[in-house]
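Asker: This structure is in structure tokens; I'll ask about it shortly.
Derivation of every value follows stated rules applied to the coordinates shown; laboratory data play no part. The structure presented is a predicted model; accordingly, all values stated were derived computationally and were not measured. Virtual Cβ from ideal backbone geometry, glycine too; neighbours counted across all protein chains shown.
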Amino acid sequence: MRKLRRFLRGRVFPFAVCTLLLAAGSAYLLFRFPFAIAPALLFERLFSLCAALVAAGEPSPPEAARSRLFLLLLLPFAGAVLLLLYRTPAPLPRENEGTMSGEGLTESVRALALSAGISPCGAREIEYFSGGEAMKPRLLVDLAGAKKRIWLEFYIVAEGKFLSEICDILCRKAKEGADVRLLYDDFGSGPVLPRGFEKRLQSEGVAVKRFSPLKFPSRRAGRRDHRKIAVVDGAAYTGGINLADEYIGETHPFGHWKDCAVRVTGSATGALADVFSLAWGGKKTGDAPMREGGSPCAVLSDSAADEARLCPLLFPLLANAAKKTLYWNTPYLAPDSATMLALEGAAARGADVRLMIPHIPDKKLPFAVTRYFARRLQEAGVKVREYTAGFLHAKSVVLDGKYALVGSYNLDFRSLYMQAECAVFAESGALAEDIERDFLSAWETGTALPPARVKDKFFGGVLQLLAPLL
């Protein structure tokens, strides 16, 4: 039932409905009014031409424009209807010349964050978690000890043991007078939440909001809040771990769920609090100016609004900066051309560039796209392996044993251009060592990317044209 509800609320469902309606309408015209076929085809061509002109006139990356035009060819008439119905242009990268100056990587990333209004910050402490099982007890202790605030922002909040434990604490803390808020994405959480969930928490004093409630049709249906943030008094968490049982090993839909997250204290907490506060009410917290201290950090954030993006500059910046090593975990792989060129360039310079992707897919179509791009990168000298113990959901980058990035960003088009995301970048040898050790441990047990069969090349080549829509 959950899978059916997720399908009905998903992005594929409108495509399927329009295609079926087109097929039924064409069959009806053919048998009932055969003389109307020619005028109908002429109308369809003119209508598709208008839709193509609209798509071509919108400011979008080349990959997005290409996928929309391919959709017109793939689904005559239905493709034009969908293109006009969901014509939300993908924002272009943010203009920021300072990120490509001769400064060090940390200063460049901070300049990029500052262009989006996020001040430089420091992390007094950075704690790395190699999975949800490791993060859960630390998070529960922080929640139970909270005095002032608990702010949670998650893509998936799902019924289960993990959510039940957290909700008990949230309700108790709200009664004690703490500022308790929960922001969850309606697409990611709606199909897997218990009935009456929002009303029950609100009755206990917890403030609850849904991000972009789903409506059909909606131009913004594909713009989702994919972040995972927890701000608890003076500490903050971010990474790839959602509030669902598979993330902490309570359930095993695909085997072991490999993920990661970080906990930071210091002024980095204030930066993540600002990210949450902007998503909640459109303004920053108003806290005192952040002080430097601890490991130099930058909090990166992209919203789901129609505004310039950080990520299309961030990913190439990291890849271009790698001199010795670049290790990258991602569950989904569909980068834009700039990121592809940067990764290929890093390998061509002689850096040890390694990419870990899943071996067991959670979604078949994105998995086919992931393997297609992985094979292209492998041909350019990037080393690729697949995680075999379960599903790889970790989103981390570590380079040169000194710099690290952990957050909610996948290495795909949706994270680059469409969804609300966040991450913590840190110049910290200790954090880099922890992530590198974790990556190499998974790498040793991983398996090589299988050779492409003829059907893999065909379907991968077709699906990569639709990658921005998947």
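Asker: Grab the eigenvalues of the alpha-carbon gyration tensor for region 97-469, scale each by 5, take roots, and send me the semi-axes largest first in whole angstrom.
Answerer: 31, 24, 19
Asker: Given a cut-off of 24 Å, name the pairs among K148/K284; K148/K395; K161/K209; K324/K395; K147/K284; K363/K457 whose C-alpha atoms lie farther apart than that in the structure shown.
Answerer: Pairs exceeding the cut-off: K148/K395.
Asker: Evaluate 2.2 N^0.38 Å with N set to the residue count of region 125-209, then give the Cα radius of gyration divided by it.
Answerer: 1.09
Asker: Across region 271-281, in residue order, what do the Karplus-derived ³J(HN,Hα) couplings come to in whole Hz, using 6.51 cos²θ - 1.76 cosθ + 1.60 with θ = phi - 60° and x for Gly and Pro?
Answerer: Values, residue by residue: 5, 5, 5, 5, 4, 5, 4, 5, 5, 6, x Hz.
Asker: Shifting gears a bit: Can you compute the FRET efficiency between L341 and S203 using 1/(1 + (r/R0)^6), with r the Cβ-Cβ distance and R0 = 56 Å? Round to the nearest 0.05.
Answerer: In this case the efficiency is close to 0.60.
Asker: Exposure proxy check: S212, S267, S130 ranked by fewest other beta carbons within 10 Å?
Answerer: S212, S130, S267
Asker: What residues have an amide H closer than 5 Å to that of F211, excluding those fewer than 5 places away on the same chain, when H is modeled at 1.01 Å from N in the peptide plane?
Answerer: Long-range HN contacts for F211: Y184, D185, D186.
Asker: Take every Cα pair under 8 Å in region 97-469 that's 6+ residues apart, average their separations, divide by the length, and report that relative contact order as a whole percent.
Answerer: Relative contact order of region 97-469: 20 percent.
Asker: Give me the distance between the Cα centres of region 202-274 and region 411-470, rounded to whole Å.
Answerer: If you average the Cα positions of each part, the centres end up 20 Å apart.
Asker: Can you sort T445, T238 from fewest to most other Cβ atoms within 10 Å of each residue's own Cβ?
Answerer: So the ranking, lowest neighbour count to highest, is T445, T238.
Asker: For a quick check: sort H359, H226 by the number of other beta carbons within 10 angstrom, fewest at the front.
Answerer: Arranged by neighbour count, lowest to highest, H359, H226 become H359, H226.
Asker: For q = 0.15, 0.16, 0.24 Å⁻¹, what log10 I(q)/I(0) does region 176-279 give under the Debye formula with an equal point scatterer on each alpha carbon and no solvent?
Answerer: Values, matching the q order: -0.80, -0.91, -1.38.
Asker: What is the spread of the Cα atoms of region 356-470 along each of their three principal axes, largest first, in whole Å?
Answerer: Largest to smallest, the principal-axis extents are 44, 33, 27 Å.
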